[in-house]
Amino acid sequence: MTRLEQPIAVCRTCCEGYEFVNRLLDVNNLEVTFAKRAGKFQAVRGVSFSLDKGEHLGLVGESGAGKSITGFSIINLISKPGYISKGNILFEGRDLAKLSLEEMRRIRGDRIAMIFQDPMMTLNPVLTIGTQMIETVLAHRRVSRAEARDISVERINRVRISSPERRLKQYPHEFSGGMRQRIVIAISLLTDPALIIADEPTTALDVTIQAEIMELLLDLCTSRQMGLVLITHDLAVVSQITQRIAVMYAGLIVETGPTAEVIATPRHPYTRGLINALPQTRHGEKRLRQIPGVMPGLRNLPAGCAFHPRCEQCRDICITTQPERRTLACGVQVACHLVEE
Ligand code: SF4
């Protein structure tokens, strides 16, 4: 049994005494606006979270919650007509939202790496893996071609692919889906980044391969002290490999805190709904308890709490007033009228 196949283990003690030292990333009140002909709308509506060096954060929620746009905005990869309309993104002390395209390009390939759901978003189908890896190293490091090749071979070894010398001569189509994602992870490691942002990195893979890839990613991030922002709809994976969790709904973080605490005692009704939908929490029940309804479109958000049309605990105030995010003594932050400080 791999580590990811084991049941969710909830620890109530490991996060006690957690201190914000060695801060790597601080996202403060981030807003992302899309300006379309039909009008403007916000896809991310004042998101704040932080990450320490070597820490793993899970950004979870259903499709359309704003998770991927939040991840892309960290590395300034939001496609027009989207733009960062408010807030700042402090990474190693620099505000990424204020950097020039060239400065951002350098940080993106060097200090921050992104792993996409589809490996072919990273790989060029007409170039060998060796050419792509060696050119990446040469673009970011002052090394000879021979040294760049050695670095590439070492990274392929690191992702546990055999015969790395031979792999360098192969094209992406000669690899299986799982092997291609391993190659993408190897490329992301070429410059020893401080932060990896992984957007649904296993969703496109066979179920049998998913756990292997997540375990590999976890081992690499842990052994190299790399920060990880894992964007996923899969709460079970987040509960197993992250120390902190941020649950997103309709462009907002509705609950965030130490993963073990949030999973053990979810305070927000949406987080509770996600946990109730996990098969292993239903104790013998065959049917999963899905959250009723669907997430509203970001152009047509309901007034008050955006979750209120789906919330079984909705009160009058929820329909008119958006709840503030409160910080509880346990370190969890929740945006819900029913949660007391
Ligand atoms: Fe439900 Fe009201 Fe809390 Fe929103 S604020 S999650 S509607 S109880």
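Between Tyr83 and Lys169, 0.36 nm times their residue separation minus their Cα-Cα distance comes to what?
My answer for the length gained is 27.0 nm.
Where a ≥ b ≥ c are the square roots of the eigenvalues of the C-alpha gyration tensor, would you call the stretch 226-322 rounded, which needs a/c under 1.5, or, failing that, prolate if a/b is larger than b/c, or oblate? Show your work: numbers first, answer last.
Working: a/c = 1.94, a/b = 1.33, b/c = 1.46.
Because a/c hits 1.5 or more and a/b fails to exceed b/c, the stretch 226-322 counts as oblate.
Testing the spin-label approximation: label points 7 Å from Cα along Cα→Cβ at Lys36 and Arg145. State their distance in nm.
4.8
Based on the alpha-carbon gyration tensor of the stretch 105-194 and its eigenvalue square roots a ≥ b ≥ c, which shape applies: rounded if a/c is under 1.5, prolate if not and a/b is larger than b/c, or oblate?
Numbers: a/c = 1.57, a/b = 1.17, b/c = 1.34.
Oblate is the answer for the stretch 105-194, as a/c is 1.5 or above yet b/c matches or exceeds a/b.
Which of rounded, prolate, oblate describes the chain, given a ≥ b ≥ c as roots of the alpha-carbon gyration tensor eigenvalues and a/c under 1.5 marking rounded, otherwise prolate only if a/b is larger than b/c?
Values: a/c = 1.87, a/b = 1.51, b/c = 1.23.
Verdict is prolate for the chain.
When only Cα pairs under 8 Å and 6 or more residues apart are kept, what is the percent relative contact order across the stretch 19-122? Show your work: numbers first, answer last.
Working: 142 pairs, mean separation 31.2, N = 104.
For the stretch 19-122, the relative contact order is 30 percent.
What fraction of the DSSP beta bridges in the chain is antiparallel, stated in percent and rounded to the nearest 5? Show your work: numbers first, answer last.
Values: 31 of 49 bridges.
DSSP beta bridges in the chain are roughly 65 percent antiparallel.
In Å², and per residue, what accessible area does the chain have when probed at 1.4 Å with the other protein chains present? Display every interim value, and only then the final one.
On the way: 16290 Å² over 341 residues.
Spelled out: the 1.4 Å probe surface of the chain, per residue, equals 48 Å².
Go through 249-258, 53-62, 321-330, 163-172 and give me the packing order, highest mean Cβ count within 10 Å leading.
Working: 249-258: 25.0, 53-62: 22.5, 321-330: 13.6, 163-172: 15.4.
Taking the mean over residues of other Cβ atoms within 10 Å, the ranking is 249-258, 53-62, 163-172, 321-330.
Provide Leu218, Leu127 ordered by accessible surface of protein heavy atoms (probe 1.4 Å), highest first.
On the way: Leu218 15, Leu127 65 Å².
The ranking, largest first, comes out as Leu127, Leu218.
How much of the accessible area of the chain, probe 1.4 Å, is carbon plus sulfur, in whole percent? Kindly include the intermediate steps, with their values, before the conclusion.
Details: 8150 of 16290 Å².
Using a 1.4 Å probe with all protein chains present, the chain comes out at 50 percent carbon and sulfur.
Starting from 0.36 nm per residue, how many nanometres of slack lie between Arg160 and Thr222 once their C-alpha separation is accounted for? Numbers along the way, then the final one.
On the way: separation 62, 0.36 × 62 = 22.32 nm, distance 1.59 nm.
Working it through step by step, the gained length comes to 20.7 nm.
How many angstrom lie between the Cα centre of the stretch 211-275 and the Cα centre of the stretch 45-95?
15
Could you work out the local net charge near Leu59, counting Lys and Arg as +1, Asp and Glu as -1, over the other residues with Cβ closer than 14 Å to its Cβ?
-4
To make sure I understand the rule: partners must be lysines, Cα under 19 Å from the Cα of Lys86, and not fewer than 8 residues away in the same chain. Which ones qualify?
Once the sequence-local lysines are set aside, what remains near Lys86 is Lys36, Lys40, Lys67, Lys98.
Would you please give the residues with an amide H less than 5 Å from that of Arg326, counting only those at least 5 places away or on a separate chain, with H modeled from the backbone geometry?
Placed amide hydrogens put Val334, Ala335, Cys336 under 5 Å from Arg326.
How large is ³J(HN,Hα), in whole Hz, for each residue of the stretch 230-242 in order, when computed from phi with the Karplus curve 6.51 cos²θ - 1.76 cosθ + 1.60 and θ = phi - 60°, using x for Gly and Pro?
Per-residue couplings from phi come out as 9, 9, 7, 9, 8, 5, 5, 5, 4, 5, 9, 10, 10 Hz.
Please list, in order along the stretch 252-261, the HN-Hα scalar couplings obtained from phi with the Karplus expression 6.51 cos²θ - 1.76 cosθ + 1.60 (θ = phi - 60°), rounded to whole Hz, x for Gly and Pro.
10, 8, 9, 7, 8, x, x, 4, 4, 5
With an 8 Å cut-off on Cα pairs and a minimum separation of 6 or more residues, tell me the relative contact order of the chain in percent. Kindly include the intermediate steps, with their values, before the conclusion.
Details: 623 pairs, mean separation 71.7, N = 341.
About 21 percent, as a whole number.
Run the helix sum for the chain: -39,500 (n - 2.57) per DSSP H stretch of 4+ residues, divided by residue count, reported at 222 nm to the nearest 500 deg cm²/dmol.
On the way: 11 runs with 104 residues, N = 341.
Value at 222 nm, helices only, nearest 500: -9000 deg cm²/dmol.
The values are calculated or read from the model by the stated rules, or taken from the named source; none is laboratory data. Everything quoted here is computed from the prediction, not taken from an experiment. Methodologically, a virtual Cβ is constructed for each residue, glycine included, from the backbone with ideal geometry; neighbour enumeration extends over all protein chains shown. Keep in mind that these areas ignore ligands, DNA and RNA; they rest on the heavy atoms of the full protein, side chains included. Shrake-Rupley method; radii C 1.70, N 1.55, O 1.52, S 1.80 Å.
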